Amino acid sequence: MGSIDTPKNPENGSRILPPATDDYATYGGDKKGIDGMPARATEMTLQVESEAIKKRKASMLPLEVGTRVMCRWRDCKYHPVKVIERRKMQSGGSNEYEYYVHYTEFNRRLDEWVKLEQLDLDSVETVVDEKVEDKVTSLKMTRHQKRKIDETHVEGHEELDAASLREHEEFTKVKNIATIELGRYEIETWYFSPFPPEYNDCLKLYFCEFCLNFMKRKEQLQRHMKKCDLKHPPGDEIYRSGTLSMFEVDGKKNKVYGQNLCYLAKLFLDHKTLYYDVDLFLFYILCECDDRGCHMVGYFSKEKHSEESYNLACILTLPPYQRKGYGKFLIAFSYELSKKESKVGTPERPLSDLGLLSYRGYWTRVLLDILKRHKGNISIKELSDMTAIKAEDILTTLQTLELIQYRKGQHVICADPKVLDRHLKAAGRGGLEVDVSKLIWTPYKEQG
């Protein structure tokens, strides 16, 4: 690299040496370099060292899958990464690759392809057999620490055994679609989604925001939009309040839409299995409406018949609409449907870490609001009947908040007003309110 302290001569391109300093002593006409060596010898030594460094770096290339190295991220700082995959660059030499890396400090959604110049080869660590590494690491950890790490590692995949989990991670380790266009937004994807094989070579897909058909090229989408007569999801509008609408889509009646929605959702959800048999599900699509139509901002799905009392199978707010309260609205809406069915409900397990955080916040706000207003004693059964929240979820929430004690063989709620206020403040705002008077809906079993 060039140095601002050693400018080049504009006439012949030669480098102008810096003036003599205390590091250089003049003796008999010869300049003395480092450790008393002549300056010319010092330069030759540095050149030899530089060549040795270049050869050492060249010998590392291409980097092996599993290599750990520092990588320059979008914040212009270096972060530790692990090489997940590599591929040859089309216009490069035999050793010119780009690398798919996982930032070990961050969620998988930030995994990406990077060029060699983003990697600091001086920080390359020897590739370690991960089975050996895990074995060595496990010897240094207490059982409690190992359990915590294992829980974090398989977060959201508790339904898979170890072999299936490895197969899942291997199959989904590289994002196949980098960006999508949906309505007026271009969105960077987070995770792998198993689109049909003919889309394997596409880095970007174009979605119709109303029917969710997807295409390889912008021109195809433009032609499709001229023919597509949908201006909202293909289902029944069951809720409208202001500019917000909710549509119920039956996966059996609208199979292609349901499958396309699952492909789209999987780009932003790591912890859910993709179900191709959408006949068994109802999809609730939340939309922002304007004079151009109803534009999807998020959705949740639920099984038509759930033996485990699940009132929600999958939930997603699309990235452009996040942090606007829509996720909380979708959770609240799922419980309003449970109330209409005269059932208690709970989200399908396993919950992701963010999912658990969202639900714990909802349960806290709903339960503490009732406890603040209620006079006298109240049981967990009564709270469950009032809120449609499953008794087990109420119990774990109150235990986490240390608002429940076990006395004489039964659980007793201890609700000090000041403690309730403190927990409510910590739980944050409740987001958008569901106006139940605007909900016009018949439960599925009654529809039949």
Original post:
What helices (runs of 4 or more DSSP H) completely inside region 380-448 contain at least 3 residues that are within 21 Å of Y239 (Cβ to Cβ)?
Top reply: 444-447
**OP:** Considering each residue of region 68-121, count those that are among the charged types (D, E, K, R) and assigned to a loop (DSSP other than H, G, I, E, B), and give that number.
**Re:** 7
Original post:
Is it the case that F268 is among the aromatic types (F, W, Y), outside any strand (DSSP E or B) and either open to solvent by less than 10 Å² (accessible area, probe 1.4 Å) or closer than 26 Å to L357 by Cβ (or both)?
Top reply: yes
Original post:
Does S245 satisfy the condition of being modelled with pLDDT under 95 and surrounded by 15 or more Cβ atoms within 10 Å (Cβ to Cβ)?
Top reply: no
Original post:
On the given criteria, is T396 within 19 Å of K343 (Cβ to Cβ) and polar (S, T, N, Q)?
Top reply: no
Original post:
Across region 353-381, what is the number of residues that are out of contact with any helix residue (DSSP H, G or I) (no Cβ under 8 Å at 6 or more places or on another chain) and within 22 Å of D421 (Cβ to Cβ)?
Top reply: 6
Original post:
Out of all the residues in region 415-436, which are under 24 Å from the mean Cα position of the chain (by Cα) and open to solvent by less than 70 Å² (accessible area, probe 1.4 Å)?
Top reply: A427, G428, G430, G431, L432
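The values are calculated or read from the model by the stated rules, or taken from the named source; none is laboratory data. Here the structure is a predicted model, which is why all the values come from computation and not from measurement. Note: ideal-geometry Cβ built from the backbone for every residue, glycine included; neighbour counts use all protein chains shown. Only protein heavy atoms, including side chains, enter the accessible area calculation; ligands, DNA and RNA are left aside. Shrake-Rupley method; radii C 1.70, N 1.55, O 1.52, S 1.80 Å.
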